[in-house]
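Each remark here refers to the structure printed beneath this line.
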Amino acid sequence: INTAVFISGRGSNLKSLYNFSKKKISPIKIILVFSNNKNAAGLKYAKEKNLYSIYLRDKKIKILEIRLLKILNKKKIKLICLAGYMKILSYNFIKKFKGKIINIHPSLLPKYKGLNTHNRVLQNNEPFTGCTVHFVNNKLDSGKIILQKKIKVLRNDSIKKLSKRVLNEEHKIYPKAIIKLFS
Ligand code: GRF
C-alpha cells in the first residue's frame with residue numbers, strides 16, 4: 001500500500017512507521033513524506049533514509065492542497081498517515097482521500113481532543129490516559145477509532161514523564177492499527 005506520511009516536527013512516529021514498513025509483516029510502503037514545516041526534524045530523517053520528501057508552503061491552503069494532491073496522485077498514494085501533522089486538512093482534501101487518512105493522537109479519544117493533552121490530563125487528575133489511532137474526518141480528532149491503548153497515570157507523573165510513556169506506546173500502536181486496518 002503506497003503510503004504518505006505527513007509531519008510537522010520531530011518525526012518520531014515517522015521513524016516508527018518507517019521501521020515497521022521495512023518488516024515483512026507490513027502492508028505499507030512509505031513512498032513520500034510531506035512536511036508543512038521546512039525545519040521539521042522528521043524531514044531530515046526522511047532525507048537520511050532516502051525517502052522522497054517534500055516541503056510545500058502556500059498562504060492559500062486551497063492552492064497548497066491542489067499542489068499536494070497532484071503529487072499524491074502521481075505517486076499513487078493509497079494511504080495517508082498523519083504523524084504530528086499540525087495543519088487542518090480541508091473538507092475537500094479529506095473527501096478526496098475518504099477513509100484513507102489516519103492520525104495518531106496522544107489521548108484516549110474522545111477525551112482530550114486538540115493540543116496540550118498531557119497537561120490537561122494531569123490537571124484533571126485523570127487515573128488513565130492513552131493514545132488513539134483514528135480515521136480523519138472534517139472535525140478535529142473525531143473520526144472513527146481504529147485502535148487505542150490505555151495508559152495508567154502515575155502519582156508522580158510530570159508532563160515530560162507522561163508524554164514519554166505515551167509516545168513510547170504510540171510507536172507501537174500506529175503499526176498495530178495499520179495491520180488491523182488491512183487484515
Ligand atoms: C505525537 O504525540 C502525536 O500523537 C501527535 O503529535 C506528536 C508527534 O510526535 N499527533 P512525533 O513528531 O511523531 O515525534
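None of the figures in this text is laboratory data; all of them are computed from the coordinates on show. All values derive from a computational prediction rather than experimental measurement. Heads up, the Cβs are rebuilt from the backbone with ideal geometry, glycines too, and the neighbour counts pull from every protein chain shown.
As a calculated quantity, the FRET efficiency between residue 48 and residue 168 at R0 = 22 Å, using C-beta atoms, amounts to about 0.50.
Please give the helix 12-21 orientation as an angle from the longest Cα principal axis of the chain, in degrees from 0 to 90, rounded to the nearest 10. That helix lies at roughly 60 degrees to the long axis. Per residue, the convex hull spanned by the Cα atoms of the chain amounts to 114 cubic angstrom. For segment 25-86, the extents of the C-alpha atoms along the principal axes are 39, 25, 18 Å, listed from largest to smallest. As a calculated quantity, the FRET efficiency between residue 58 and residue 113 at R0 = 30 Å, using C-beta atoms, amounts to about 0.65. The loop-placed trypsin sites (Lys or Arg not before Pro) in segment 128-183, going by DSSP, that have at most 15 neighbouring Cβ atoms within 10 Å of their Cβ come out as 139, 144, 155. Compare the Cα positions of 93, 130, 107 along the charge dipole of the chain (+1 at Cβ of Lys, Arg; -1 at Cβ of Asp, Glu; about the Cα centre) and return the one farthest towards the positive end. The one lying farthest along the dipole's positive direction is 93. Helix 159-182 versus the longest principal axis of the chain: what is the Cα-based angle in degrees, 0 to 90, to the nearest 10? Once rounded, one gets 50 degrees.
Between amide H atoms placed 1.01 Å from N, distances below 5 Å from residue 143 occur with 137, all of them 5 or more places distant or on a separate chain. Each residue of segment 121-128 is assigned a 3J(HN,Hα), and the resulting list reads 4, 5, 4, 8, 6, 5, x, 9 Hz, derived from the Karplus form 6.51 cos²θ - 1.76 cosθ + 1.60 (θ = phi - 60°), x at Gly and Pro.
Each DSSP beta bridge with both residues in the chain is either parallel or antiparallel, and the antiparallel ones are about 40%.
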